[in-house]
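Undergrad: Once you've had a glance at the structure underneath, I'll fire off some questions.
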Amino acid sequence: MQPIFEVRNLKRAFGGLAVTNDVSLSMAPGDRVALIGPNGAGKTTFVNLVTGNLRPDSGEVRIGGEAVTGVDAIGRVRRGLVRSFQVTRLFADMTPAEHVALAVLQRSGRAGRLFGNFRGMSDVMAEVQELLAKLGLKELMHRKVSEIAYGQQRLLEIAVALALKPRVLLLDEPAAGVPQSDTGRIEQALADLPDDLAVLMIEHDMDLVFRFAKRVIVLAAGAIIFDGSPSEVTKDPRVREAYLGSYANASHAA
Amino acid sequence: MTMTTTNDMIAASPVRRRFGGGDLIGLGIILLVALIGYFLFPNNLALLTRIIAVALLVLSLDLVTGYCGVATLGHAALFGAGAYAAGIASAHYGINDPLAMLAFGIVAGAAAGLVCGVVILRAHGLPQLVLSIALIHLFHEFANKASSWTGGSDGLSGIAPTALLGLYEFDLWGRTAYVFGVALLAIVFVLLRLIVRSPFGMLCRGIKEDPIRIRSMGASPKIALTKMYVISGAVAGVGGALNAITTQVVGLDSLSFTMSAESLVMLVLGGTGSLFGALTGTVVFMFFEDVVSAANPFHWLTMVGALLIAVVLFAPRGIYGTVASFVTRRREAK
């Protein structure tokens, strides 16, 4: 199948330190990939390079076959590369309905309209209700985000991302900070993601990784050291060394 | 999902967001206050008209500061541009029809809004504030130096608007001017009410809270804010043109730093991020200024300062904002 998302030989150094060192990967529609790696492996830099918030020194990013290395972050979103944030970035004074409506309006090119209101646009409202119902947020759709629980805010992050109808979805630790009792709902939401969507999840929680991902990529010191099935990842000696090494360093530092 | 369910939902939603009951009441209150003002101060309609012109400037400032979070101390540039454009159209080109002068004011205000927006939106926070101050000084100096056009420090005179709609002369008591002002304010209020509730208004609220989030949704905060600056300029231009048409003179003070700063004070006094806050702040400040300066010409500024400190300390959301949130809390408690 034609890859929907490709990264070719991506490099970025900060003052001589290669934080992303010759990273290449390719994803097809429907892929469920987890990107893991010890602290300081370069995951955040990788996300910033891919989303267009940081320029690479060399290499290429392609969405749907189109090179987007020179396209800014906004342009990449418009081409179907959407991300969620590790720490929720929602508008505290707005309601879930407004969040999703804003995303739907933006996607359909109506976010600049000076008159009218999304509540009067039946197609927008239908989509808002459908998405929020799917994620179990319909009852809360007119409450302020600051009044809803953190787990529900994480679900809303996913709803906003989905409302943009992405082709590639980058999930940055979707369950971070959510109490154990609430992670089930988020896992369900992840399992229900559209079949044709390519999903790259950055995650620390290995249980979640094993349940979600069909393929695991391990990043260490800016380079990919493993790219394969979840069943093999724990057996790989380089992966074990990278994780053990980082834990050894951490305990040493402590 | 069928249409019926969607409509049911809209009807059942706790807050109605379309231009509906609440907005009509708001418009009614504005017209009622205007009517009371007309009968209470029949000899001081010029002041009331001036309040309306300044209220349009404060509303315009509220659009960029209150709704979008842009810090500016140079917003009178937009007001002044509108005032000078309307004045120059009349004094130099003989375009004396008030509505045509108004159109010139709107276009010039919007153009000034575009220029200021492009410059100011390049920075954030304190540098943004400094850019806005630099801009208002540049506008002021430009108007001062181009004295053959603007009259410089003597002010632009020779503005002679003809009868409004060919029917209503601008009389000595300022009745026509006042009615004209109230009509403009009502129209602008209705339009802004629609805009702040539109998808674009929602986008701007989002930008105020988190521009990075808006970018990750594929929207450009800069383009949206520039657009808001142009709208804001048009509104300030209405105010400026109204001032030029009704006073028949335009002075350098209409694009001064002082006027910019005072408009920000009025906005904070009334409450940012709400059209009523902007209106309340303007009316309270200008009445206070008028009454207190007449009662005590030497210490009136001290009293204005004390009022402002009291509001900021005890009602940080502004007069209207505090009252509105008090009413909401009371309603929720019931």
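Undergrad: If you take the charge dipole of the protein assembly as shown about its Cα centre, with +1 on Lys and Arg Cβ and -1 on Asp and Glu Cβ, which of B:Ser293, A:His142, B:Ala91 is farthest toward its positive end?
TA: A:His142
Undergrad: Still on this structure, please answer the following. What relative contact order, as a whole-number percentage, does the stretch A:64-166 give when Cα pairs under 8 Å and 6 or more residues apart are counted? Show your work: numbers first, answer last.
TA: Details: 96 pairs, mean separation 43.7, N = 103.
In percent, rounded to a whole number, it is 42.
Undergrad: Report the antiparallel proportion of the DSSP beta bridges in the protein assembly as shown as a percent, rounded to a multiple of 5.
TA: Roughly 55 percent of the DSSP beta bridges within the protein assembly as shown come out antiparallel.
Undergrad: Determine the relative contact order of chain B: mean sequence separation of Cα pairs under 8 Å and six or more apart, normalised by residue count, in whole percent. Mind dumping the intermediate values first?
TA: On the way: 531 pairs, mean separation 97.2, N = 334.
RCO, chain B: 29 percent.
Undergrad: With a cut-off of at most 16 other beta carbons within 10 Å, and DSSP calling the residue loop, which chymotrypsin sites (Phe, Trp or Tyr not before Pro) in the stretch B:98-190 qualify? Please list them.
TA: Numbers: sites: B:Phe104, B:Phe139, B:Phe142, B:Trp149, B:Tyr168, B:Phe170, B:Trp173, B:Tyr178, B:Phe180, B:Phe189; in loops: B:Phe170, B:Trp173.
Filter output for the stretch B:98-190: B:Trp173.
Undergrad: Further, regarding this structure: Taking the number of other C-beta atoms within 10 Å as the exposure measure, put A:Thr69, A:Thr95 in order starting with the fewest. Intermediate results must be reported in sequence, preceding the final value.
TA: Details: A:Thr69 17, A:Thr95 21.
Ranked by crowding around the Cβ, least crowded first: A:Thr69, A:Thr95.
Undergrad: Sticking with this one: Please compute the length gained on full extension between A:Phe115 and A:Ile225, using 0.36 nm multiplied by the number of residues separating them and subtracting their Cα-Cα distance. Numbers along the way, then the final one.
TA: Values: separation 110, 0.36 × 110 = 39.60 nm, distance 5.29 nm.
That works out to 34.3 nm of additional length.
Undergrad: Which ³J(HN,Hα) values in Hz, rounded to whole numbers, follow from the phi angles of the stretch A:238-243 under the Karplus curve 6.51 cos²θ - 1.76 cosθ + 1.60, where θ = phi - 60° and Gly and Pro get x?
TA: Result, rounded to whole Hz: 5, 5, 4, 5, 4, 5.
Undergrad: Moving on. Rounding to the nearest 20 debye, state how big the charge dipole of the stretch B:74-175 is about its Cα centre with +1 on each Lys and Arg Cβ and -1 on each Asp and Glu Cβ.
TA: Working: 3 positive and 5 negative charges, 66 e Å.
Approximately 320 debye in magnitude.
Undergrad: Also, I was wondering about something else. Principal axis extents for the stretch A:37-124, Cα atoms only, whole Å, descending order, please.
TA: 47, 30, 18
Undergrad: Another question, if that's okay. Using amide H atoms built in the peptide plane, which far-off residues or other-chain residues are under 5 Å from B:Thr162 H to H?
TA: Hits under the 5 Å cutoff: B:Asp97.
Undergrad: Positive end of the dipole of the stretch B:41-257, charges at C-beta (+1 Lys, Arg; -1 Asp, Glu), about the Cα centre: which of B:Tyr229, B:Ala183, B:Phe79 has its Cα farthest in that direction?
TA: Of the listed residues, the answer is B:Tyr229.
Undergrad: To the nearest 0.05, how large is the calculated FRET efficiency for B:Leu114 and A:Gln188 if R₀ is 56 Å and r is the Cβ-Cβ distance?
TA: Numbers: r = 49 Å, r/R0 = 0.87.
Taking R0 as 56 Å, the efficiency between B:Leu114 and A:Gln188 is 0.70.
Undergrad: Looking at the stretch B:41-257 from every direction and averaging, what is the projected area of its Cα convex hull in nm²?
TA: On the way: hull surface 47.3 nm².
If I average the Cα hull's projected area over directions, I get 11.8 nm².
Undergrad: Against the longest alpha carbon principal axis of chain B, how many degrees, from 0 to 90 and to the nearest 10, is the axis of helix B:45-61 turned?
TA: Rounded to the nearest ten degrees, it is 50.
Undergrad: For chain A, calculate the relative contact order in percent as a whole number, restricting contacts to Cα pairs under 8 Å that are 6 or more residues apart.
TA: On the way: 444 pairs, mean separation 68.8, N = 254.
Here the relative contact order equals 27 percent.
Undergrad: Report the FRET efficiency, 1/(1 + (r/R0)^6), for B:Ala310 and B:Lys145, where r is their Cβ-Cβ distance and R0 is 45 Å, rounded to 0.05.
TA: Numbers: r = 41 Å, r/R0 = 0.91.
Once rounded, the FRET efficiency stands at 0.65.
Undergrad: So what's the protein assembly as shown giving for Rg/Rh, alpha carbon basis, Kirkwood Rh from the mean inverse pair distance? Working shown, then result.
TA: Values: Rg = 28.6 Å, Rh = 26.9 Å.
Rg/Rh for the protein assembly as shown comes to 1.07.
Undergrad: What whole number of Å gives the distance from the Cα centroid of the stretch B:38-111 to the Cα centroid of the stretch A:184-210?
TA: 55
Undergrad: To the nearest 500 deg cm²/dmol, what mean residue ellipticity at 222 nm is calculated for chain B from DSSP H runs of n ≥ 4 alone, each contributing -39,500 (n - 2.57), summed and divided by the residues?
TA: Details: 15 runs with 245 residues, N = 334.
Rounded to the nearest 500, it is -24500 deg cm²/dmol.
Undergrad: Another question, then. What shape does chain A have by the C-alpha gyration tensor, where a ≥ b ≥ c are the square roots of the eigenvalues, rounded means a/c under 1.5, and otherwise prolate means a/b greater than b/c and oblate the rest? Could the numbers behind the result be given before it?
TA: Numbers: a/c = 1.99, a/b = 1.50, b/c = 1.33.
In terms of gyration-tensor shape, prolate.
Undergrad: Are there chymotrypsin sites (Phe, Trp or Tyr not before Pro) in the stretch A:101-152 that DSSP puts in a loop and that have at most 15 other Cβ atoms within 10 Å, and which ones? Each step should come with its number before you reach the end.
TA: Working: sites: A:Phe115, A:Phe118, A:Tyr150; in loops: A:Phe115.
Answer in residue order: A:Phe115.
Undergrad: A follow-up question, please. Given 0.36 nm per residue, what is the gain on full extension from B:Arg122 to B:Phe41 after removing their alpha carbon distance, in nm? Walk me through the intermediate numbers first.
TA: Values: separation 81, 0.36 × 81 = 29.16 nm, distance 4.51 nm.
Stretched fully, the B:Arg122-B:Phe41 segment lengthens by 24.7 nm.
Undergrad: While we're looking at this one, here's another question. Under a Cβ-only charge scheme (Lys and Arg +1, Asp and Glu -1), can you give me the dipole magnitude of the protein assembly as shown about the Cα centre, in debye to the nearest 20? Walk me through the intermediate numbers first.
TA: Working: 50 positive and 44 negative charges, 123 e Å.
Around 600 debye, computed over the protein assembly as shown.
Throughout, read-outs are computed from the coordinates displayed, never taken from laboratory work. Bear in mind that the values here come from a model prediction, so they are computed numbers and not experimental data. Cβ atoms come from the backbone with ideal geometry, glycine included; neighbour counts cover every protein chain shown.
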